[in-house]
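Take a look at the structure below.
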Amino acid sequence: MWNYFRDIGLGIVTVLTSMGVAWRHLFTRSVTLQYPTEKWTMPERSRMRLFNKIEDCIGCGQCARACPTDCITIQTEKRGKDEPEVFASDGTQIKLRTYVFDIDMALCCYCSLCTFPCPTHCLVMTPEYEYSVYDKLDHIYRFAKEKPLSGKAQKPHSEKTESHGQ
Amino acid sequence: MEVEYSGDVMTLNMGPQHPSTHGVLRLELKTDGEIVAAAIPHIGYLHRCFEKHVENVDYAGVVPYTDRMDYCAAMNMELGYVLAVEKLMGIEVNNRVRCIRIVMAELGRIASHLIAAGTYGNDIGSFTPFLWCFRDRERILDMFEETCGARLLYNYNWIGGLMFDIKPGFEDKLIEFLDYFEPQVDNLNRLLSDNWIFIKRTAEVGILSPETAISYGVTGPNLRGSGVKFDVRRDEPYLGYDEFDFEIPVGQGEYGPVGSCWDRYMVRIREVKESCKIIRQAVAKLTPGDVHESIPKRIKPPAGEIYMRTECPRGELGYYIVSDGGLKPYRLKVKSPCFTVMSAFEEVSRGAMISDVIAILGSFDIVLGEIDR
């Protein structure tokens, strides 16, 4: 009987204590952010959407090898000897013509392992985070601009993805 | 002919979509009225074939996959793997890398224990601590994001070093956070831990005796809640944890038998304070250095095998790696702390009330990503 009333008393006292803690919290600043109207400034190291500056890409394929989920597809061919020499912005000669550079952002795991081996620092993760799409195939970003000269058939990435089965 | 009447046993399925199972876990409860006669966990809903999959990924590429095992404490998960590979290759890291790793691991521990305490309060029926814990965890995640660019799945510990050095001014932010956070732990105690209703609800249910805990191989806060003083950080130090001064809190059984749900919960709260102490010491020991100094050009460990265990927030995490001298692991086996504690669940919950099953499960602080892998 004594324990019963003691429990009720202790319950009331401790609940009032915790309500006191919560009451003081009413007068502090709000910590939430009303997202679509207010936006968080992303830190510069944020790892979000991948971007490749294709003009600087030398097509070495080190990013594709580093990727643990194999979301980067690169196809290259050698530039002919009679063609004019092309250089990246840091002076590296681009000896290969990259005619396919596809990144499937739906497969990307945002580990950033691909950006570090890039010799010309053209593949970067940008702080942009709003890029949802309706179709999954729209997540395949095709960065390559040049066309192959040797007449090889250009295999689109979408065929490969579909053949995997979804 | 005599037939023994066994009572009216009903099978009750709890999960896999039950919010209190912390993921996708199905519990098959054989109930006799309000009493649980048997609770059989069915796991495997989140199985992602981690161990087989990483046999096809190179050593550096495994780190993002280890993040996804225990997503509440990804920093500690990758730390265990990275240390195992470094031990296999014989890489020694410099003091700066060690100190930053300790800071990050302890911050990860605080974040993980905050989730554990907050969701436990939520399971029992108090919602405020849940939001308060997430508010404080948010500040830790902000610091992680500023350092490595990701909030949840970091890939920050690399084999032989770190992804980035910490930013200038990070130490001040860290100390500022700790100064803010340590009083918040006392606030949380006043809000939840010392609440008499909470104590009555948890202090006498789910008794895991020390003998049972040891025989099942339970580790981490669940073992320490039963009063067994065992911590890999103290008993088999890695990263130079032996140079740090910290206590190992154990369950003392203030409100009932040792090894109750409240003891396990309280061990986590006390561990958070010890982690704050470790972080302060690690920041003081920080020396200048290059964090990329000992990252190997090509990660190709010699043929052999290694077992490395670390103390992750949920217990002892072990990585067993077999290497055939190639660029990919030949075999990788994970000893997961949540899996072992799940095996003891049936023993603990036998004879409990149905509503106490939630309290017991929440106090074990399981993460299904790690159980199923």
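The values are calculated or read from the model by the stated rules, or taken from the named source; none is laboratory data. Since this is a predicted model, take the numbers as computed values, not measurements. Here Cβ is always computed from backbone atoms with ideal geometry, including for glycine, and neighbour counts include all displayed protein chains. To get the accessible areas, we keep the full protein, side chains included, count just its heavy atoms, and leave off ligands, DNA and RNA. Shrake-Rupley method; radii C 1.70, N 1.55, O 1.52, S 1.80 Å.
Structural remarks
- For segment B:308-316, the criterion of being over 30 Å from residue B:269 (Cβ atoms) and in contact with a helix residue (DSSP H, G or I) (Cβ under 8 Å, 6 or more places away or on another chain) is met by no residue.
- Note on segment B:129-142: residues that are surrounded by 21 or more Cβ atoms within 10 Å (Cβ to Cβ) and within 12 Å of chain A (Cβ to nearest Cβ) amount to 3.
- In the set B:245, B:172, B:235, only one residue is open to solvent by 10 Å² or more (accessible area, probe 1.4 Å), within 23 Å of residue B:281 (Cα to Cα), among the acidic types (Asp, Glu) and in contact with a helix residue (DSSP H, G or I) (Cβ under 9 Å, 6 or more places away or on another chain); that residue is B:245.
- Conditions (1) more than 22 Å from residue B:18 (Cβ to Cβ); (2) open to solvent by less than 10 Å² (accessible area, probe 1.4 Å): number failed by residue B:338: (1)
- Of residues in segment A:112-149 being polar (S, T, N, Q) and away from chain B (no Cβ under 14 Å), the one nearest to residue A:99 (Cα to Cα): A:120
- All conditions but one from (1) of a type in the set (A, V, I, L, M); (2) open to solvent by 20 Å² or more (accessible area, probe 1.4 Å); (3) more than 19 Å from the chain's Cα centre (by Cα) apply to residue B:228; the one that does not is (3).
Table: residues versus (1) touching a helix residue (DSSP H, G or I) at 6+ places or on another chain (Cβ under 6 Å); (2) open to solvent by 10 Å² or more (accessible area, probe 1.4 Å); (3) in a loop (DSSP other than H, G, I, E, B).
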{"position": "B:257", "(1), (2), (3)": "no, yes, yes"}
{"position": "B:267", "(1), (2), (3)": "yes, no, no"}
{"position": "B:281", "(1), (2), (3)": "no, yes, no"}
{"position": "B:295", "(1), (2), (3)": "no, yes, yes"}
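- Of the helices (runs of 4 or more DSSP H) lying entirely inside segment B:151-253, those containing at least 3 residues that are touching a residue at least 12 places away in the same chain (Cβ under 8 Å) and away from chain A (no Cβ under 12 Å) are B:170-188, B:210-216, B:221-225, B:232-235.
- Residue A:33 meets all of the listed conditions (1) away from chain B (no Cβ under 12 Å); (2) under 36 Å from the mean Cα position of the chain (by Cα); (3) under 30 Å from residue B:180 (Cα atoms) but one, namely (1).
- Search result, residues across segment B:283-293 that are part of a loop (DSSP other than H, G, I, E, B) and farther than 17 Å from residue B:160 by Cα: B:285, B:286, B:287
- Single condition residue B:56 does not satisfy, out of (1) more than 14 Å from chain A (Cβ to nearest Cβ); (2) among the polar types (S, T, N, Q); (3) more than 22 Å from the chain's Cα centre (by Cα): (1)
- Residue A:106 being open to solvent by 20 Å² or more (accessible area, probe 1.4 Å), away from every other protein chain (no Cβ under 14 Å) and not basic (Lys, Arg): yes
- Residue A:40 passes every criterion in (1) within 12 Å of another protein chain (Cβ to nearest Cβ); (2) out of contact with any Ser or Thr (no Cβ under 8 Å at 6 or more places or on another chain); (3) open to solvent by less than 40 Å² (accessible area, probe 1.4 Å) apart from (3).
- For segment A:43-63, taking the residues that are among the aliphatic types (A, V, I, L, M) and surrounded by 18 or more Cβ atoms within 10 Å (Cβ to Cβ), the one that is farthest from the other protein chains (Cβ to nearest Cβ) is identified as A:58.
- Of the numbered criteria (1) loosely packed, with under 15 Cβ neighbours inside 10 Å; (2) assigned to a strand (DSSP E or B), the one residue B:308 fails is (1).
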